[in-house]
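This report refers to the structure that appears directly beneath it.
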C-alpha cells in the first residue's frame with residue numbers, strides 16, 4: 001500500500017519461517033479424487049460462462065449494426081430488410097420501468113413489515129410463504145394468471161377494449177405482471193439488509209422519542225440503501241430476461257402498437273415487444289426467422305444483464321471502493 | 001495411558017500481596033486526591049423523578065427488586081454494581097425502553113414530576129428522558145442530520161434534502177456545543193458521522209440526546225468503549241450538564257462513579273443495597289456488601 005512506512009526487517013541471515021502449503025499428495029485417494037472433481041467442475045463452469053460471452057460476442061458483434069438501434073423491426077423474409085430492434089429496446093425499457101416502479105415500493109414495504117413488525121405472527125408466516133410461492137412460480141403461470149385477471153372488462157383502461165371484456169395485452173399489464181416476478185427479489189434483499197442492521201440503531205432512535213415508523217423511514221431504510229438497490233437491480237434483471245410474460249401479456253407484436261394515437265398513454269395501453277421476445281421471434285423457432293438479428297439482439301440483451309450484474313456486485317461488495325459505489329448510489333437514488 | 005503427573009514442590013511460600021494501608025473506616029487512603037474532575041457548583045438541586053418500590057422482570061425473572069430512589073436535577077446519580085445486578089435494566093425502565101423487549105414487566109411506580117411515566121405518551125416521555133448507550137451508535141448519516149433528527153419540532157423530512165431553517169441550524173449548533181463537539185466538527189457538519197473517532201461519536205450521541213431538550217439524561221456506561229482521554233472529556237461534560245438536566249449514569253468503573261457522581265446507588269443481584277452521597281458511599285459505606293464491592297472483594 002502506498003504511503004505506509006515499512007517497519008524494520010529482521011537482520012539478514014535470520015531464519016524466517018513461511019507457512020508451507022499443505023501437500024495434496026499426502027491426502028487419501030478419495031479426497032484427491034473429489035479435489036480433482038471440484039477443480040474440474042469449477043473450471044468447466046468458467047469455460048461455459050466464457051463461451052457464452054465469447055460466442056455471443058463474435059456472432060453478435062458481427063451482425064450488429066448501429067442502425068439496428070434506431071430502426072424498428074419490419075416484416076420481411078430478407079434479413080437485410082427486416083429492420084432493426086429500436087422498438088424492442090424501448091419495449092424492454094418501458095416494461096422494466098413499470099415493473100420496478102411497482103415492485104420496489106411494495107417490496108420494500110413488505111420487507112419492512114416482515115423485519116420490523118411481523119405481528120400477528122401467523123400473518124407474517126403467511127406473507128413469507130406467499131413471497132416464497134411467488135418466487136417459485138414459473139413466469140408463464142403468472143402470465144396466464146395475469147391475462148385472466150387483466151382481461152376483465154372493467155380493467156379495459158389498462159389495455160384495449162374488445163367486443164367482450166378487454167384485450168388484456170399491453171405495456172401496463174405486462175409491467176404489472178412483471179412486478180410480481182421482481183417482488184420476491186426486492187423483498188429478500190431488503191429484508192436481509194434490515195436483519196443485518198444492529199439493534200442499537202433502532203434503540204438509539206426509540207430512545208430519542210421516535211416512533212417505529214419514523215425510525216424505519218428516516219434511519220433504517222436510508223442505512224440499507226445498498227441492499228435495496230441491489231434487490232431492485234436484481235429484479236430489473238429478472239424482468240429484462242423474461243419472455244413468457246412478454247409473449248402472453250404484451251402480445252409480442254413486431255412493433256409497438258399505440259392505441260388511438262394518444263402520445264404516452266396510448267403507447268402504454270398498446271401492445272409491443274421486448275428484446276427477449278424479439279430474439280425468440282427471430283430465432284429458428286419464431287416466425288421472423290432471421291438469425292442474424294436474433295444474435296445481435298441477444299448480444300445486446302446479454303450486455304445489459306451483465307452490466308446489471310456488475311452493478312449488483314459493486315453495490316454489495318463495495319467495501320473496497322466504497323466511495324465510488326456510494327457516489328453511484330447517490331446518483332441512482334438522488335439523495336445525499 | 002494418562003500423562004505423567006507433574007509434581008510441583010512447594011519449596012517456597014505462596015506470594016501474598018501486602019495489605020494496602022487503610023484509614024480507620026476501611027476505605028482506601030486519601031479519597032480527596034482521587035477526585036480529579038472539576039465540579040462547578042450548581043444553582044439548585046431539585047427532585048425530578050422518583051422510583052417507588054420498582055420491580056422489573058423479563059418473563060418470570062425479576063431482575064430488579066423493590067428499588068426506591070430519587071433522581072434530582074443538579075446532580076449526577078451513578079448506579080454501580082456488578083454485572084447482572086440490574087442497573088442497566090433499571091436505567092432502561094426510566095424511559096420505558098425495557099418495553100421494546102418482549103415479556104418485560106414492571107411493578108411499582110416511576111414518577112416524572114409527580115406523574116407516573118406509564119400514563120405519559122411513550123414517545124413524548126422518551127423525548128423528555130433521553131438516553132446514551134454503551135456503544136456509540138450514531139446513525140449512518142451526516143453529523144448535522146444525526147443531531148437534527150432528534151429535534152422535537154423538526155417536521156419529518158420531505159423531498160430530497162432535510163430542510164435547514166436557521167432555527168434548526170441554531171439548535172444543532174447549540175447541541176453540539178453543549179456536548180463539547182462543536183469546535184472539532186464545525187468545519188464540516190456534512191461529514192458522515194461514522195467517520196468520527198469513537199470518542200467523538202459518543203459525544204455526537206450525547207449531542208443528539210441533548211438536542212431533544214431532555215429533562216433527564218440517561219447514560220449507560222457511556223465510556224466503556226472509549227480511551228482514557230475521550231473518557232475524561234466525557235466525564236467533564238457529564239459533570240457540566242447536571243446544572244440543566246438530571247443525569248443518571250450506569251457504570252462499572254468505580255473511579256468514574258467517584259469522579260462524576262453526587263449520589264451513588266449500589267445494586268447487587270437486583271436489589272438496591274445502598275444509596276447515598278458519593279463521598280459517604282465510597283468512604284464510609286454502611287453496608288458490608290458495599291464495602292466488599294468497593295474494596296474489590298467481588299465484582
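Which is out of contact with any strand residue (DSSP E or B) (no Cβ under 9 Å at 6 or more places or on another chain), assigned by TED's automatic domain parsing to the domain that holds residue A:235 and in a loop (DSSP other than H, G, I, E, B), of A:175, A:168, A:146, A:193? Give the steps one after another, and end with the answer.
Details: A:175 fails: in a loop (DSSP other than H, G, I, E, B); A:146 fails: in a loop (DSSP other than H, G, I, E, B); A:193 fails: in a loop (DSSP other than H, G, I, E, B).
Being out of contact with any strand residue (DSSP E or B) (no Cβ under 9 Å at 6 or more places or on another chain), assigned by TED's automatic domain parsing to the domain that holds residue A:235 and in a loop (DSSP other than H, G, I, E, B) holds for just one of A:175, A:168, A:146, A:193, which is A:168.
Taken together, the residues in segment B:57-100 that are within 23 Å of residue B:122 (Cβ to Cβ) and either within 14 Å of chain A (Cβ to nearest Cβ) or touching a helix residue (DSSP H, G or I) at 6+ places or on another chain (Cβ under 7 Å) (or both) amount to 16. Residues in segment A:199-244 that are surrounded by 21 or more Cβ atoms within 10 Å (Cβ to Cβ), in a helix (DSSP H, G or I) and within 9 Å of chain B (Cβ to nearest Cβ): A:204, A:205, A:206, A:219.
Scanning segment A:239-269 for residues that are under 23 Å from residue A:76 (Cα atoms) and modelled with pLDDT of 90 or more turns up A:243, A:246, A:247, A:250.
Per the conditions (1) within 14 Å of chain B (Cβ to nearest Cβ); (2) buried (at least 20 other Cβ atoms within 10 Å of the Cβ); (3) at pLDDT 90 or above; (4) under 25 Å from the mean Cα position of the chain (by Cα), the sole criterion not satisfied by residue A:196 is (2). Where strands (runs of 3 or more DSSP E) sit wholly within segment B:184-299, those with at least 1 residues that are at pLDDT 90 or above and surrounded by fewer than 23 Cβ atoms within 10 Å (Cβ to Cβ) occupy B:216-220, B:263-268, B:271-277. If you filter segment B:138-172 down to residues that are buried (at least 22 other Cβ atoms within 10 Å of the Cβ) and either assigned to a loop (DSSP other than H, G, I, E, B) or at the interface with chain A (Cβ under 7 Å from one of its Cβ atoms) (or both), you find that the one that is modelled with the lowest pLDDT is B:150.
The values are calculated or read from the model by the stated rules, or taken from the named source; none is laboratory data. If you're wondering where the values come from, they're calculated on a predicted model, not measured in any experiment. So basically every Cβ, Gly included, is an ideal-geometry build from the backbone, and we count neighbours across all protein chains shown.
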